[in-house]
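Okay, structure first, notes after.
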Amino acid sequence: MIELKDVTLKYSSTKGVFNLNFNVEKGEAFGYVGPDNAGKTTTIRMLMGLIRPGRGSATIDGLNCFFRASAIQKNLGYVPEEVVLFENMRVKEYLNFITQMRGIFGQKDTRLRDSLIERFEVETRGKIENMSNGMKKRLAIVTALMHDPQTLVLDEPTSGLDPLMQSRLLDLVLEEKRRGKTVLLSTHKFEEVERTCDRVGVLKEGHLVENMDIVSLRAEETKAYLVKFAAPPNLEQIKKYGFGYLQFSQSDYEIFSPGDRIDVLMKVLSHEKVLVFNSKNQSLEEIFQQHYQKEIKHKENKKEVKNKEVKNKEEKPKLFPKKEEKHKALPDQEKKVSEVKKA
Amino acid sequence: MSIPLFLKNIKNNTLLLLVFAVLMSIYLAVIIYIYDPSGVGAMVDMMSILPTALVNAMGFGTIDSGLTGFIASLFYGFLIYLFPMVYCIILANRLVAKWVYEGSFTSLLCTPNSRIKIIVTQGIYLLASIAVLFTVLFLVGYGMSEQFFPGMLEVKVFLKLNIGACLMTMTIAMFCFFFSCLFNSTKLSLFFGALIPIGFFILNTLSKLSERTAFLGKFSLYNAFDGLAIVNGQANITLIIGGFAIFIGVLFVAAVGVFSMKRLPV
């Protein structure tokens with residue numbers, strides 16, 4: 001079990017991590033997401049005992065991460081974001097060295113190690129310095145898992161891997177989770193969290209702005225359905241139950257429903273003659289975007305109340321700057337809806 | 001101490017040790033070879049060509065007529081500062097700061113070994129390799145002397161000379177090691193690791209130039225070791241050994257302390 005209490009480490013007033021509080025229970029996979037420079041790696045380095053927190057305490061299985069790092073490491077596997085190994089060593093030599101550093105000498109059981117090597121297709125001949133970055137990452141994964149640790153701390157483990165290996169790694173994470181392991185997976189890819197994690201924490205500028213399970217996050221999602229009707233539908237009825245819609249043509253609509261009201265939508269639509277009913281799946285990323293928009297709007301409203309002159313469209317904290325455009329689509333859609341209504 | 005790590009250090013750094021051991025051995029062997037038991041006349045003649053101040057600075061001011069004294073003044077007076085100093089600077093940096101800077105130190109700390117254990121292993125390797133270096137020198141010196149001038153070397157004094165020089169080098173090494181543990185970048189580690197011994201060396205050299213600069217020697221660690229004084233029996237070898245040992249101990253503890261509490265770079 002991983003536990004962080006009020007963990008703070010300031011590099012400067014905006015850089016660092018601030019008052020982090022979260023737990024990862026045994027048998028749980030925790031997705032730790034956030035943009036670059038949010039402080040994910042800093043947090044993980046603290047868990048590894050490489051950095052001492054300025055304030056607060058981080059523990060793994062009840063042991064202090066900084067002062068009892070060596071005891072923790074007995075049962076922990078860590079894949080760093082940036083893999084740096086001993087370049088002048090051969091692969092087999094390195095694996096043996098790490099095994100020995102873990103206090104295992106002489107005849108040892110290498111079945112798990114060999115199966116991991118096979119699974120991730122690690123080239124065991126040759127020197128580490130001649131390996132590609134992806135291969136180094138795979139080697140780091142083997143090193144982190146070959147002693148069958150109880151806790152897994154993975155810092156962007158899929159970066160630098162090809163899609164096949166990414167998929168294999170995520171499968172492995174799922175398997176390990178089912179075996180009761182505690183997993184902390186840091187990433188900026190939402191689909192990885194979606195696929196493997198039970199809970200997700202969002203880090204932004206050093207603050208944990210969200211910590212919730214995937215199911216309730218899903219409930220907050222607005223689902224979109226592409227519907228084709230045989231006859232013009234009863235739009236009044238749809239509106240009455242609070243569903244938004246977008247009309248493309250006489251018979252084609254996109255209907256929006258909150259994640260927890262899909263059953264109501266089904267009932268409403270059961271009175272219509274529906275030809276096609278396709279769900280337009282939203283990724284977690286889009287859900288986050290919506291989620292954020294709410295929060296940001298909320299904050300803005302507060303600010304505006306306090307100071308009406310502040311026009312802070314540009315001061316909006318940007319979580320995922322590149323993806324902002326997608327996000328703006330929603331208010332536009334609303335506009336369209338209202339236009340349709342007027343028409 | 002971690003045995004696999006110690007073995008890895010041996011594998012990584014033996015070439016460096018070998019280079020220095022061979023260079024210094026050749027130098028020592030040549031010095032013994034050119035010794036002329038009938039008198040050091042030729043050598044004195046050669047020195048008289050050079051300016052006195054320079055000769056003094058290099059520690060060749062007084063040339064003892066005995067073989068042990070000859071070795072002490074020509075080898076343990078000047079070169080013994082330079083060669084091992086370079087070795088210490090390079091090795092101390094390689095053992096800690098270089099790995100920390102590159103990031104591979106993380107893979108050591110992600111094994112169930114405490115920082116203290118790992119850093120103590122590195123420190124022990126540093127000290128052990130210096131001990132090996134001086135053992136080689138002692139054996140080469142002894143062997144060469146017995147080969148060319150049997151019975152002329154005062155073995156006990158020569159041994160004292162080596163032990164003194166060895167401990168002095170270890171002290172210098174510990175200074176470098178401390179900075180290697182303190183800094184996360186090789187640049188700073190090398191800068192301070194080199195600054196201190198070179199500073200000592202310069203102060204020591206300047207102090208020998210003239211009477212008026214003699215006080216500078218008080219600030220140099222190298223002044224604590226005087227090869228000729230050991231040969232003449234003027235120096236208290238126990239005091240020298242004890243003093244260096246305390247220095248080594250304090251610096252080692254400081255290095256381990258600093259390293260075990262510091263934040264490693266992200």
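The values are calculated or read from the model by the stated rules, or taken from the named source; none is laboratory data. Small disclaimer: the values here were computed from a predicted structure and weren't measured. Backbone-built Cβ (ideal geometry, glycine too); neighbour counts: all protein chains shown. The accessibility values were calculated without ligands, DNA or RNA, using every heavy atom of the protein model including side chains. Shrake-Rupley method; radii C 1.70, N 1.55, O 1.52, S 1.80 Å.
Under 9 Å between Cβ atoms, at least 6 apart or on separate chains: pull out the pairs that start in segment B:86-106 with a residue that is farther than 20 Å from residue B:263 by Cα and end on any residue that is crowded, with 22+ Cβ neighbours inside 10 Å and among the hydroxyl-bearing types (Ser, Thr, Tyr).
These pairs meet every condition: B:87/B:129; B:87/B:169; B:88/B:169; B:91/B:129.
Specify which of the listed residues (B:250, B:258) is in contact with a Leu (Cβ under 7 Å, 6 or more places away or on another chain), more than 27 Å from residue B:69 (Cβ to Cβ) and assigned to a helix (DSSP H, G or I).
Details: B:250 fails: in contact with a Leu (Cβ under 7 Å, 6 or more places away or on another chain).
Step by step, each of B:250, B:258 is checked, and only B:258 is in contact with a Leu (Cβ under 7 Å, 6 or more places away or on another chain), more than 27 Å from residue B:69 (Cβ to Cβ) and assigned to a helix (DSSP H, G or I).
Could you give every pair whose Cβ atoms fall below 8 Å, whose first residue belongs to segment A:13-39 and is on the phi > 0 side of the Ramachandran plot, and whose second residue is of a type in the set (Ser, Thr, Tyr), counting only separations of at least 6 or pairs across chains?
From segment A:13-39, the pairs are A:16/A:8; A:16/A:42; A:19/A:8; A:27/A:182.
Determine which member of the set A:68, A:111, A:102, A:90 is away from chain B (no Cβ under 12 Å) and open to solvent by 10 Å² or more (accessible area, probe 1.4 Å). Outline the logic, then answer.
Details: A:68 fails: away from chain B (no Cβ under 12 Å); A:102 fails: away from chain B (no Cβ under 12 Å); A:90 fails: away from chain B (no Cβ under 12 Å).
Answer to the check: A:111.
Checking the condition at pLDDT below 80 and not aromatic (Phe, Trp, Tyr), which residue from A:273, A:316 passes?
Values: A:273 fails: at pLDDT below 80.
Every option except A:316 fails the conditions.
Is it the case, given these coordinates, that residue A:129 is part of a helix (DSSP H, G or I), within 14 Å of chain B (Cβ to nearest Cβ), open to solvent by 70 Å² or more (accessible area, probe 1.4 Å) and more than 17 Å from residue A:48 (Cα to Cα)?
Working: part of a helix (DSSP H, G or I): yes; within 14 Å of chain B (Cβ to nearest Cβ): yes; open to solvent by 70 Å² or more (accessible area, probe 1.4 Å): yes; more than 17 Å from residue A:48 (Cα to Cα): yes.
Yes.
Which members of segment B:100-110 meet the condition of being open to solvent by less than 30 Å² (accessible area, probe 1.4 Å) and either within 7 Å of chain A (Cβ to nearest Cβ) or under 10 Å from residue B:2 (Cβ atoms) (or both)?
B:103, B:104, B:106, B:107, B:108, B:109, B:110
Which of the numbered conditions does residue B:113 fail, given that it passes all the others? Conditions: (1) surrounded by 20 or more Cβ atoms within 10 Å (Cβ to Cβ); (2) part of a helix (DSSP H, G or I); (3) within 14 Å of chain A (Cβ to nearest Cβ).
(2)
Applying the selection to segment B:198-223, what residues are surrounded by fewer than 19 Cβ atoms within 10 Å (Cβ to Cβ) and either closer than 30 Å to residue B:152 by Cα or in contact with a strand residue (DSSP E or B) (Cβ under 7 Å, 6 or more places away or on another chain) (or both)?
B:223
Pull up segment A:1-35, narrow it to residues that are in a strand (DSSP E or B) and of a type in the set (Gly, Ala, Ser), then point me to the one that is farthest from the chain's Cα centre (by Cα). Steps first, answer last, please.
Initial filter on segment A:1-35 (in a strand (DSSP E or B)): A:2-10, A:16-24, A:29-33.
Imposing the further condition that a residue be of a type in the set (Gly, Ala, Ser) reduces the set to A:16, A:29, A:31.
Details: A:16: 20, A:29: 10, A:31: 4 Å.
Per the stated criteria, the residue is A:16.
Hey, could you check segment A:71-84 for residues that are buried (at least 19 other Cβ atoms within 10 Å of the Cβ) and in a helix (DSSP H, G or I) and say which is nearest to the other protein chains (Cβ to nearest Cβ)?
Per the criteria, the residue is A:73.
Could you list, in sequence order, the residues of segment A:24-42 that are facing another protein chain (nearest Cβ under 10 Å) and of a type in the set (S, T, N, Q)? Give the derivation first.
First pass over segment A:24-42, keeping only residues facing another protein chain (nearest Cβ under 10 Å): A:39, A:41-42.
Matches in segment A:24-42: A:41, A:42.
Out of all the residues in segment A:132-159, which are part of a helix (DSSP H, G or I), touching a Leu at 6+ places or on another chain (Cβ under 8 Å) and farther than 18 Å from residue A:112 by Cβ?
To start, the set of residues in segment A:132-159 that are part of a helix (DSSP H, G or I) comprises A:133-145.
Going one step further and asking which of them are touching a Leu at 6+ places or on another chain (Cβ under 8 Å), we end up with A:134, A:136-145.
Residues satisfying the conditions are A:134, A:136, A:137.
Looking at segment A:44-65, which of its residues are at the interface with chain B (Cβ under 9 Å from one of its Cβ atoms) and open to solvent by 50 Å² or more (accessible area, probe 1.4 Å)?
A:52
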